[in-house]
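*Asks:* Just dropping this structure here.
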Amino acid sequence: MTVLRSPDFILYTQHGWADTNKTMAILARTLATPKTLIVSPDLGFWKTWLWIEPLIEQVEQSVKKTIKIYPHTPLKIIGHSMGGLIWLEVLKRNPELRGKIHSLILLGSPIGGADLARIIDPLGIGIGIARDLGRDRRSLATSIAREIPTLVIAGDIDNGSDGTITVETTKFFGSQFVCLNGISHPALRYHPQVIEIIRNFWANPIIKISEKSDFTNILIEQLQSVKGMTGAHRKYFSLSKPHLTFKNGIILCIWKNILQVDHIFLTNLEKEYLWGGFVGWVHARSLYRTLKSIEREHDHLIANQ
């Protein structure tokens, strides 16, 4: 970390799982001004395969050290993949930091839980980093976005994911959201389109004002509240069949894969993809209880009732 006399910003860039700080440090230098202090902690490639707790502590200590030197300098934060999750945890544990932060940018971060991690550790018993990557942090991210201008950038190379993280699991209420077609998970760390979007966001970093929830958002929130709900890949949407059709044209569809894992999708009469998620076997009962609850609560809105 190079100490400057009076930096305009402190730019934190945090790498994620199975990575080092090399590429994120290059991204930081590309975005920084001559007066920006860059901090890109290297958490250690192999350490990112174990547990997230010591990684959070390492970043937390780095931030406290920097803040002690520059107590009045605002922070810009960019986290790639697990790096974004680490920063959410740092801000959860240190809410006093939130007032110092200019903006938070999350690149391909599995906020709703990584699907591969849920497959590896469906019970959350602690199989390496899988338990930590599979956790749902949407509620935490939404609460932080109410206080800090937050941008989410997702990539999509196969009509539903960046090759590692599904587009759906990067989304949460309160954030600005951009999805870039043709950009993979690793490329989110350096692609020119990403750099341009970050610069534009920094020029006008606003907190997104939550609009009054419409019916679709209400359904999404109810379904996301199911324990174990993970963002589904969009490619499976075409395989689903209608389960509930509402008078306003919203349709809730269900599909089971060959392993009998339940997938839920929301669409409309034009067959547009609105949202998708899935739960493992252990949470299937919870899902169907929620579906029954939705049916009872919105009985008057269901078509052909």
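*Asks:* Tell me, which residue of region 234-247 that is in contact (Cβ under 8 Å) with a residue 12 or more places away in the chain and part of a helix (DSSP H, G or I) is surrounded by the most Cβ atoms within 10 Å (Cβ to Cβ)?
*Replies:* So the residue we want is Phe237.
*Asks:* Pairs needed: first member in region 171-184, closer than 15 Å to Leu274 by Cβ and in the same structural domain as Gly84 (by TED's automatic domain parsing); second member anywhere, buried (at least 20 other Cβ atoms within 10 Å of the Cβ) and of a type outside the set (A, V, I, L, M); C-beta distance under 7 Å; at least 6 residues apart or different chains.
*Replies:* Phe177/Lys171
*Asks:* Moving to a separate point now. Name the residue, out of Lys35, Lys100, that is surrounded by fewer than 16 Cβ atoms within 10 Å (Cβ to Cβ), farther than 30 Å from Thr166 by Cβ, assigned by TED's automatic domain parsing to the domain that holds Thr170 and in contact (Cβ under 8 Å) with a residue 12 or more places away in the chain. Please lay out each step first, then the result.
*Replies:* Details: Lys100 fails: surrounded by fewer than 16 Cβ atoms within 10 Å (Cβ to Cβ).
Within the list Lys35, Lys100, the selection yields Lys35.
*Asks:* Let me ask something else. Do we have Gly228 as buried (at least 20 other Cβ atoms within 10 Å of the Cβ), on the phi > 0 side of the Ramachandran plot and outside the structural domain of Ala154 (by TED's automatic domain parsing) here? Quick ask: steps written out before the conclusion?
*Replies:* Details: buried (at least 20 other Cβ atoms within 10 Å of the Cβ): yes; on the phi > 0 side of the Ramachandran plot: yes; outside the structural domain of Ala154 (by TED's automatic domain parsing): yes.
Against the criterion (buried (at least 20 other Cβ atoms within 10 Å of the Cβ), on the phi > 0 side of the Ramachandran plot and outside the structural domain of Ala154 (by TED's automatic domain parsing)), Gly228 qualifies.
*Asks:* Okay, moving on. Could you say which residue among Ile77, Ile127, Ile111 is part of a loop (DSSP other than H, G, I, E, B) and within 21 Å of Arg146 (Cβ to Cβ)?
*Replies:* On the way: Ile77 fails: part of a loop (DSSP other than H, G, I, E, B); Ile127 fails: within 21 Å of Arg146 (Cβ to Cβ).
Every option except Ile111 fails the conditions.
*Asks:* Can we say Gly231 is of a type in the set (Gly, Ala, Ser), within 21 Å of Gly16 (Cβ to Cβ) and modelled with pLDDT under 95?
*Replies:* Numbers: of a type in the set (Gly, Ala, Ser): yes; within 21 Å of Gly16 (Cβ to Cβ): yes; modelled with pLDDT under 95: yes.
Taking the combined requirement at face value, the residue satisfies it.
*Asks:* A follow-up question, please. Cβ-Cβ below 6 Å, separation at least six or inter-chain, first residue in region 84-96 and modelled with pLDDT of 95 or more, second buried (at least 23 other Cβ atoms within 10 Å of the Cβ) and among the hydrophobic types (A, V, I, L, M, F, W, C): which pairs?
*Replies:* Gly84/Leu106; Ile86/Leu55; Trp87/Ile77; Leu88/Ala141
*Asks:* Does Ala117 meet the test of being surrounded by 22 or more Cβ atoms within 10 Å (Cβ to Cβ) and part of a helix (DSSP H, G or I)?
*Replies:* Values: surrounded by 22 or more Cβ atoms within 10 Å (Cβ to Cβ): yes; part of a helix (DSSP H, G or I): yes.
The answer is yes for Ala117.
*Asks:* Kindly provide the set of residues from region 136-170 that are touching a residue at least 40 places away in the same chain (Cβ under 8 Å) and part of a loop (DSSP other than H, G, I, E, B), ordered by number.
*Replies:* Taking region 136-170 and keeping what is touching a residue at least 40 places away in the same chain (Cβ under 8 Å), we get 136-138, 140-141, 144-155, 158-162, 164-170.
Hits for region 136-170 are Asp136, Arg137, Arg146, Glu147, Ile148, Pro149, Asp158, Asn159, Gly160, Asp162, Thr164, Ile165.
*Asks:* Related question: Quickly run through region 60-74 and pick out the residues that are assigned to a loop (DSSP other than H, G, I, E, B) and in contact with a helix residue (DSSP H, G or I) (Cβ under 9 Å, 6 or more places away or on another chain).
*Replies:* We begin by selecting, within region 60-74, every residue assigned to a loop (DSSP other than H, G, I, E, B); these are 70-74.
Correct list: Pro71, His72, Thr73, Pro74.
*Asks:* Which count do you get for residues in region 38-50 that are surrounded by fewer than 20 Cβ atoms within 10 Å (Cβ to Cβ) and either within 22 Å of the chain's Cα centre (by Cα) or assigned to a strand (DSSP E or B) (or both)?
*Replies:* Residues of region 38-50 that are surrounded by fewer than 20 Cβ atoms within 10 Å (Cβ to Cβ), as a first pass: 42, 44-47, 49-50.
Remaining after also requiring either within 22 Å of the chain's Cα centre (by Cα) or assigned to a strand (DSSP E or B) (or both): 42, 45, 47, 49-50.
Total satisfying the criteria: 5.
*Asks:* Within region 233-251, track down each residue that is in contact with a helix residue (DSSP H, G or I) (Cβ under 8 Å, 6 or more places away or on another chain) and closer than 11 Å to Gly276 by Cβ. Talk me through it step by step, then tell me what you get.
*Replies:* Of the residues in region 233-251, the ones in contact with a helix residue (DSSP H, G or I) (Cβ under 8 Å, 6 or more places away or on another chain) are 233-234, 243-244, 246-248, 250.
Scanning region 233-251 gives His233, Arg234.
*Asks:* Would you mind telling me which numbered condition in (1) at pLDDT below 95; (2) under 10 Å from the mean Cα position of the chain (by Cα); (3) at positive phi Gly128 fails?
*Replies:* In the conditions (1) at pLDDT below 95; (2) under 10 Å from the mean Cα position of the chain (by Cα); (3) at positive phi, Gly128 misses (2) alone.
*Asks:* For residues that are of a type in the set (A, V, I, L, M), modelled with pLDDT under 95 and more than 23 Å from Ala114 (Cα to Cα), tally how many sit in region 1-60.
*Replies:* 3
*Asks:* Taking the stated definitions as given, is Ile183 in a helix (DSSP H, G or I), under 20 Å from Ala28 (Cβ atoms) and under 18 Å from the mean Cα position of the chain (by Cα)?
*Replies:* Working: in a helix (DSSP H, G or I): no; under 20 Å from Ala28 (Cβ atoms): yes; under 18 Å from the mean Cα position of the chain (by Cα): yes.
No, not satisfied.
The values are calculated or read from the model by the stated rules, or taken from the named source; none is laboratory data. From a predicted model like this one, the values you see are computed outputs, not experimental measurements. A quick note on method: Cβ atoms are made from the backbone with ideal geometry, for glycine too, and the neighbour counts reach across all protein chains shown.
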